[in-house]
Amino acid sequence: MALIDLKNIHKHFNMGEENIHALNNINLSINEGEFTSIVGTSGSGKSTLMNIIGLLDLPSEGQYFLDGVNTTLMTDDDLSKYRNQKIGFVFQSFNLLPKASALKNVEMPMQYASTYNKDISDGMIRKMALETLDKVGLSSRVHHLPNELSGGQRQRVAIARALVNNPKIILADEPTGALDSKTSEEILTLFKELNAQGTTVIIVTHDSGIANRCRRVLSMSDGLMKDSVQVKI
Amino acid sequence: MIFRKILVNSAEAIVENKLRSALTMLGMIIGVMAVILLVSVGTGAKRYITSEFESMGTNVIMVQPGKTDKKNSMGPPVSSSKGKLTLADVEALLKKSQTLSAVSGVMFGAGVVKTENATNNINIFGANDQFNQIFNMTISEGDFFTKEDEDSGRRVAVIGHNIKESLFGSGTALGKLIKVNESEHRVVGIIKATGDKLGFNVDDIVFIPTKSSLRLFNTDRLFGVRASAKSRSGMDDAVAELTAILKERHNGEEDFTIVTQVTMMESMNTILNMLTYALAAIAFISMLVGGIGIMNIMLVSVTERTREIGIRRAVGARRSDILKQFMIEAVVISVSGGLLGIAISMLITYTLHFFLPGFDMRPPFWILPPAFLMSFFTGIVFGVWPARKAAHIQTIDALRYE
Ligand SMILES: Nc1ncnc2c1ncn2[C@@H]1O[C@H](COP(=O)(O)OP(=O)(O)O)[C@@H](O)[C@H]1O
Ligand SMILES: [Mg+2]
């Protein structure tokens, strides 16, 4: 069974008189362990799709099964729990808490995890956060505030935060959009490594260089999606 | 999230936003200070007035001619034309009473006192030899009147400290003649500097024997009668006996009003309690203003931190986690403000008391727990709305918020 299963998903935005059909009948299945990229022009609906997959937003119509469970029927608390445990989200603008250190930022998802699972102790949280920061190559920056870090380092903190609860899925919406090409390359390598360890990765990108290196590319255009599987990577 | 963790988080958030937190706390600091200081003023005034009463002599019974309505018996009643107390009443009390230790008729009026060198506007107070005993006055030079002075209506005077100073300076006054409303009196005693004693400045009074004073004012109608019970516990008996004796003399009619320390204290307390309530109401309002201040700044804080809320929700915070976070923040701020307010008002009142020992506005300790609880509940009451608002922001909208 597919890890992510979207069936006839529509998303409308009402902007006063205007109705934007941001997603138009999306059907999509992604299996565990895939590395998928989403491309498309600005405004084509990529972020809208990612937000729905990441349970940050709800579809206007259609069904979304995550790990076999129909998320459209979930309560708000269940959605929070799924976001906490199954999904790691990486944003273009990092979205770190500006006044919290790298370590505190990475600990945060685990703090919330500990409310679902009482076995998670403060010591474990600290240990996991440090390990994860080490994994993304930031063990020497744990006590820095976001504004004391470079763009690439900030995105690594954000990736560590997405990873710390061991999610099945990493969703990255233009994660390299604010980074130079060398740093982008490093971040992409990091995602590749994570994928190699079994994490399902979906990445929205403008960078055709990145898209070309994914086996599966989803092209968005005006709310419609075209699915293509490349044979050659 | 576990309560302790949120507490730590909110403490961190408060430290991270020092200025905003300080401003928010200010409202609560002022609110709690208002509560404590106003209550302190109320109880301080009460304490002061109570001690004034007690210094007057504890077993004092005052009898005024005329019957006043019990309901508006605040303070000494004003004498009415109906009912009349005379020296004969005083004599009857002195003769028949078993429960009274001293009885004096009193006269009271404004007057002028003169020597060859000086003139002074003063209060003339007619009293007999027992008066001194009733009101605990200390004589610094000479003596108070004797029974003979009273009985024969001698023109002698016992004068207050200020009068002595202004008429005689540092010279001797004892034995000198002064003119009280043009009638010559010989100074036989000087009262030790006392200051205000229940509305009168004793230092500005010239005491003369009751009989002389009646003659001076050309009347047989006493201003009132003052007596003291033998003991404090015998107060009720003394009042009953006094009433009985006077009633018998007044053809069974109770055409006089008895005011004791107890009744005076009661009516004084009524006034003082009203004052304290009024102050408490003002304090409550300032607490309310402090609470609204907290609510305002928490609302601003929620808007400012919309993105943070989005981030927290995105990584797994439930609505209830966000609600708790903002509630606890509001309570931590208001309670810290409350504690600071308590500390500052203690500091102010104790410092004042240290430098001005007569000025005792130190807060009573019973006010501290309510002041603390009030800041706590203000935090809860005024934190709910902002916290609910924070909890109900849509995750995606919060993340897109610029
Ligand atoms: N919250 C929203 N309210 C109104 N319109 C929105 C909202 N989010 C996205 N849209 C619109 O939906 C369309 C798709 O947006 P988006 O998914 O952000 O595109 P992309 O990420 O591909 O640039 C755009 O026309 C955008 O203006
Ligand atoms: Mg986008």
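Translational diffusion coefficient of chain B (Stokes-Einstein, Kirkwood radius from Cα pairs, 4 °C, 1.567 mPa s): 50 µm²/s. Among the residues of A:104-112, the average count of other protein chain beta-carbon atoms within 10 Å of the residue beta-carbon is 4.
For the pairing of chain B with chain A, what total accessible surface becomes buried, with a 1.4 angstrom probe, in square angstrom to the nearest 100? Mind dumping the intermediate values first?
On the way: alone 20040 and 11380 Å², together 29190 Å².
Rounded to the nearest hundred, the buried surface is 2200 Å².
With a simple spin-label model that places each label point 7 Å from the Cα along the Cα-to-Cβ direction, the separation between A:Met15 and A:Lys118 comes to 4.9 nm. Placing +1 on the Cβ of every Lys and Arg and -1 on the Cβ of every Asp and Glu, with no other charges, gives the range B:84-254 a dipole of roughly 160 debye about its Cα centre.
Is any helix in chain B, taking whole DSSP H runs, at least 24 angstrom long along its axis by alpha carbon and on average at least -0.5 on the Kyte-Doolittle scale, and which ones? Display every interim value, and only then the final one.
On the way: long enough: B:18-55 (52 Å, 0.94); B:261-304 (62 Å, 1.30); B:319-355 (54 Å, 1.22); B:368-391 (33 Å, 1.02).
Both cut-offs are met by B:18-55, B:261-304, B:319-355, B:368-391.
Taking B:Gly379, B:Gly316, B:Gly31 as the candidate residues, the one with maximal mean-square fluctuation in a Gaussian network model of chain B, Cα springs under 10 Å, is B:Gly316. Note on the protein assembly as shown: with charges restricted to the Cβ of Lys and Arg (+1) and Asp and Glu (-1), its dipole about the Cα centre is near 740 debye. The mean number of partner chain beta-carbon atoms within 10 angstrom of a residue's beta-carbon across peptide A:88-101 is 3. With the charge dipole of the protein assembly as shown set up from +1 on Lys and Arg Cβ and -1 on Asp and Glu Cβ about the Cα centre, the Cα lying farthest toward the positive end among the listed residues A:Pro59, B:Ala240, B:Ile393 is that of A:Pro59.
Residue by residue along B:315-325, Cβ atoms of other protein chains within 10 Å of the local Cβ number 6 on average.
For the range B:84-254, the solvent-accessible area works out to 46 Å² per residue, with a probe of 1.4 Å and every protein chain left in place. Evaluating kT/(6 pi eta Rh) at 4 °C and 1.567 mPa s, with the Kirkwood radius of chain A over Cα pairs in the Stokes-Einstein relation, gives 71 µm² s⁻¹.
In terms of the mean number of neighbouring beta-carbon atoms within 10 Å, the peptides B:88-95, A:100-107 order highest first as A:100-107, B:88-95.
Placing unit charges on each Cβ (+1 for Lys and Arg, -1 for Asp and Glu) gives the range A:175-233 a dipole about its Cα centre, and among A:Thr200, A:Val229, A:Gly177 the Cα reaching farthest toward its positive end belongs to A:Val229. Put simply, when B:10-17, A:15-22 are sorted by average Cβ atoms within 10 angstrom per residue, most first, you get B:10-17, A:15-22.
When all alpha-carbon pairs of the protein assembly as shown are counted, what percent fall beyond 43 Å? Write down the numbers at each step before the final one.
Numbers: 105186 of 201295 pairs.
In whole percent, the share of Cα-Cα pairs in the protein assembly as shown beyond 43 Å is 52.
Dipole size of chain A about its Cα centre, with +1 on Lys/Arg Cβ and -1 on Asp/Glu Cβ: approximately 600 debye, rounded to the nearest 20.
Please report the carbon-and-sulfur percent of the accessible area for the protein assembly as shown; probe 1.4 Å, protein heavy atoms only, DNA, RNA and ligands left out. C and S fraction of accessible area: 57 percent. Principal-axis analysis of the Cα atoms of chain A puts helix A:151-163 at an angle of about 80° to the longest axis.
Helix A:76-86 versus the longest principal axis of chain A: what angle, 0 to 90°, nearest 10, using Cα atoms? Approximately 70 degrees, to the nearest ten.
Sorting the segments A:82-95, B:241-254 by their mean number of nearby beta carbons within 10 angstrom, highest to lowest, gives A:82-95, B:241-254.
Against the compact-protein benchmark of 2.2 N^0.38 Å, the Cα-based radius of gyration of the range B:84-254 scales to 1.06. Label-to-label distance, B:Lys230 versus B:Ile380, with points set 7 angstrom from Cα along the beta-carbon direction: 5.8 nm.
For B:Phe108, nonlocal amide neighbours, meaning residues 5 or more places apart or on other chains whose placed amide H falls under 5 Å from its own, are B:Gly126, B:Phe223. Report, in degrees rounded to the nearest 10, the 0 to 90 angle that the Cα long axis of helix A:102-116 makes with the longest principal axis of chain A. It works out to around 70 degrees.
With both labels modelled 7 Å from their Cα along Cα-to-Cβ, the B:Arg47 to A:Ala196 distance reads 7.8 nm. Dipole of the range B:84-254 computed with +1 at Lys/Arg Cβ and -1 at Asp/Glu Cβ about the Cα centre; of B:Ile191, B:Leu94, B:Asn132, farthest Cα towards the positive end is B:Ile191. The calculated FRET efficiency for the pair B:Ala22 and A:His143, based on their C-beta separation and a Förster distance of 22 Å, comes to about 0.30.
The values are calculated or read from the model by the stated rules, or taken from the named source; none is laboratory data. Note that the structure is a prediction, hence the values are computed from the model and not measured. FYI the Cβ positions are ideal-geometry reconstructions off the backbone, even for glycines, and counts take in every protein chain you see. Each accessible area value is taken on the protein alone, full model and side chains, heavy atoms only, with ligands, DNA and RNA left out. Shrake-Rupley method; radii C 1.70, N 1.55, O 1.52, S 1.80 Å.
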